[in-house]
Each structure stands twice: as structure tokens, then as C-alpha cells.
Amino acid sequence: MAAAFVVLFDSERAKRRERVFRDRSNPLDTFNDTEVVARYRFPRRYIFELVDLVQDKIQHPTTRSYAIPSHIQVLTTLRFLAKGEYLSEVGDLHGISISSASRIVTSVCSALCESLDNVKFPETNEDLAKVKEDFYQLASFPNVVGAIDGTLIPIQGMTGDEEPNLICRKGFSAINVQGVVDANLRFSNIVVRWPGATHDSFILQNSSLPNIMRRVNGWLLGDSGYPLRKWLLTPFVNPRSPQEQRYNNAHCTTRNTVERAFGVLKSRFRCIHKTGGSLQFAPEKCIKIIECCFRLHNKAIDARTPLIAGNEPVQLYQNNVAYQGLDNDGIAVRQRVVQRF
């Protein structure tokens, strides 16, 4: 009986999966500066800054051997965000398992969102004057404090009652993100929470921007899908005079900054562009990853980090469906602005 027990115990132990200790060599010791930026979107010094910023949040005490270092966790996350690769490939590159890579991406993105407080709308007179001057240099459009638009971030489909809400106007599951940028392509306000079927005007109405703009002396520029408000100017759908056409031209050139900002954002972080597939997580996790990309984009803009990527240009499509709601209370303001042109 004892011999049979020993044989059974040895057999069960043989079936157990042995722990695999992968080679976690530091990629920063292998690549040069250009290669590091191409693969992780930031130079070494800024990657170390990010590690120091979130280390306390992602490096938990453990009694297990060979814990994953914080710098490997940050590099794994940056590689996933930059390339939009499968978690299996990201894990293999950094010597970790798929499950660890999934957990790491989620925890590091959450830590970065908490630590990078760099999406702020300018409200001081000095900051507003600087933003207005930068916008004015583009096409002589006065008093502009931001350009606003929405963009669709593809995510994996889901079943259930929430599925129709995620299907956007282009036919795929997505998160509809609202962004406001300055003339330097830096995001000053973002809303990352609404499913793809939500209209841009609804997101605007239920955001903090209306309250912010009531305190600010300036205008946002938006496309025709937004309402014409006293603080949000839209183009003429059918311009009837040379002045209105010149207004439209200046409006388009100035507002184009938000289109360019979304293009740079999606080129820098391919995980949120459709060429990188779609985010294969639950909507709640996708929202945190998307927000993290916006905050890292702002850090890259502040650091003047070059965008080194050999991908095709990101194509963006403007919403040309004119707003048909009742909030068009900015007609008189727009007519006064037209007289400048």
C-alpha cells in the first residue's frame, strides 16, 4: 500500500508544470538611443523617469524568487502601447508569461494615469494668452483656446445588452474619445469613457468643458458635428460670401491641429489604431489604456521626443454630418468673427 502511494505521489508530481525562469535581459543595454525610441517611444532618460514615477505603485513586496523588476514592467507596457503587438510576443521579448504581461500592462497603465497629471486646460491669463497667440500664428484666427474633436478607438467586440452601444458609425466596436488640443498638438482636455455609438455633441454636453468655458474668455473650434455655441465656433456648412469662405478656410487650418494631434497620437501608440488590431480587453481596461496613451503623448510633446516609426500615415476622417440640435446659440458671435475676414 505504501509503495503504491509513493508511485502515485511521484506520478502526480511529475505532471506538475516546472517553473520556467526566462532570460530578462535589459533591452536598454542592447539598443542604441534611436532604436530605443523606435521600440519604446521614449529615450532612456525619460523611461527611467517613468520607472521612478510608478515604481512604488507597481513593485509590490513578495516572498517569491525572481520577481519582475519595475523597469521590465514599464518597458513591457511601453512596447505594447507602441506596437500594438500580441501579449505573447511582448511577453517573449521581455522574458515574462502572457498572464504576467496582461497584468503588468493593466497595472502600469493605471499607475501612469494616477502619476502623470499633465492633461490640464489653461485657465490663468498668462497661459491663455500663450495658447491664443500660438493659434493666431497658424491662420490669424483670434481668441482660440483649443480645437476639439472626437476619435474612435477600436476595441474587441462583446456580447450582451451593451454590444449595440459599442458599435460606432463605421461599424466596429469602439470607445469614442473627446479631445481638446493646443497649437502644439498637446491635449489640454480629454474625455475617455463613452462607447462608440455615442454622438460627439452628447459627449461634449456631459463633459466639464461647458463649465470651464463659462469661466474662460476664448473660443473652442469644432467641426460641423458640434453645436454652434458662444464659446464653440463651427464652420459654415454653405458659405454664402467671400468673408464666410475666408472664415471657413482659417477655421479649418486652425482646427486641423486636433486632427494632426490624433494622427501623431495613433502613430506613436499603434495599440489604439485599427492597423494595430483592437484592444483585446474589457471596456474598463481599454479606457485606462487609452487614457494612458494620451498622458504619455503629452509627456512626449513636452520632452520634444521625435516620432520614429516606419508605419504608413494614419488616416483620419472628419465628421461631416451637421449638428441638428437646439443648442446653436452662438450665431451672433460667429457673425461678429466673420467681419474680421
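The values are calculated or read from the model by the stated rules, or taken from the named source; none is laboratory data. From a predicted model like this one, the values you see are computed outputs, not experimental measurements. Every residue, glycine among them, receives a Cβ derived from its backbone with ideal geometry; neighbour counts consider all protein chains shown. Side chains are part of the model used for accessible areas, which takes the heavy atoms of the whole protein and leaves out ligands, DNA and RNA. Shrake-Rupley method; radii C 1.70, N 1.55, O 1.52, S 1.80 Å.
Out of (1) part of a helix (DSSP H, G or I); (2) touching a residue at least 40 places away in the same chain (Cβ under 8 Å); (3) open to solvent by 10 Å² or more (accessible area, probe 1.4 Å), the odd one out for Cys271 is which?
For Cys271, the exception is condition (3).
Quick one: how many residues across region 274-286 are open to solvent by 10 Å² or more (accessible area, probe 1.4 Å) and either under 15 Å from the mean Cα position of the chain (by Cα) or not hydrophobic (A, V, I, L, M, F, W, C) (or both)?
Final tally of qualifying residues: 9.
Mind telling me which of the residues Thr106, Thr124 ends up being surrounded by fewer than 16 Cβ atoms within 10 Å (Cβ to Cβ) and either among the polar types (S, T, N, Q) or farther than 30 Å from Val180 by Cα (or both)?
Thr124
Examine region 74-93 for a residue that is of a type in the set (Asp, Glu), modelled with pLDDT of 90 or more and within 21 Å of the chain's Cα centre (by Cα), and state whether such a residue exists.
The answer is no; no qualifying residue exists.
Checking the condition closer than 16 Å to Leu81 by Cβ and either at pLDDT below 95 or not in a loop (DSSP other than H, G, I, E, B) (or both), which residue from Val264, Val258 passes?
Values: Val258 fails: closer than 16 Å to Leu81 by Cβ.
None of the others qualify; the one that does is Val264.
Of the residues Asp117, Asp92, which is closer than 30 Å to Arg215 by Cβ and either free of Cβ contacts under 8 Å to residues at least 24 places away in the same chain or surrounded by fewer than 19 Cβ atoms within 10 Å (Cβ to Cβ) (or both)? Don't jump to the end; show me each part of the working.
On the way: Asp92 fails: closer than 30 Å to Arg215 by Cβ.
None of the other options fit; the residue is Asp117.
Given (1) part of a helix (DSSP H, G or I); (2) at pLDDT below 85; (3) open to solvent by 100 Å² or more (accessible area, probe 1.4 Å), where does Arg64 come up short, assuming only one miss?
Checking Arg64 against (1) part of a helix (DSSP H, G or I); (2) at pLDDT below 85; (3) open to solvent by 100 Å² or more (accessible area, probe 1.4 Å), the one that fails is (1).
Suppose we keep only residues that are open to solvent by less than 30 Å² (accessible area, probe 1.4 Å) and out of contact with any Leu (no Cβ under 8 Å at 6 or more places or on another chain) within region 192-202. Which one would you say is farthest from Gly225 (Cα to Cα)?
Val192
So how many residues does region 222-247 have that are under 19 Å from Phe202 (Cβ atoms) and open to solvent by less than 30 Å² (accessible area, probe 1.4 Å)?
Residues flagged as under 19 Å from Phe202 (Cβ atoms) and open to solvent by less than 30 Å² (accessible area, probe 1.4 Å) within region 222-247 amount to 10.
Has region 255-262 got any residue that is hydrophobic (A, V, I, L, M, F, W, C) and surrounded by fewer than 17 Cβ atoms within 10 Å (Cβ to Cβ)?
No, region 255-262 has no match at all.
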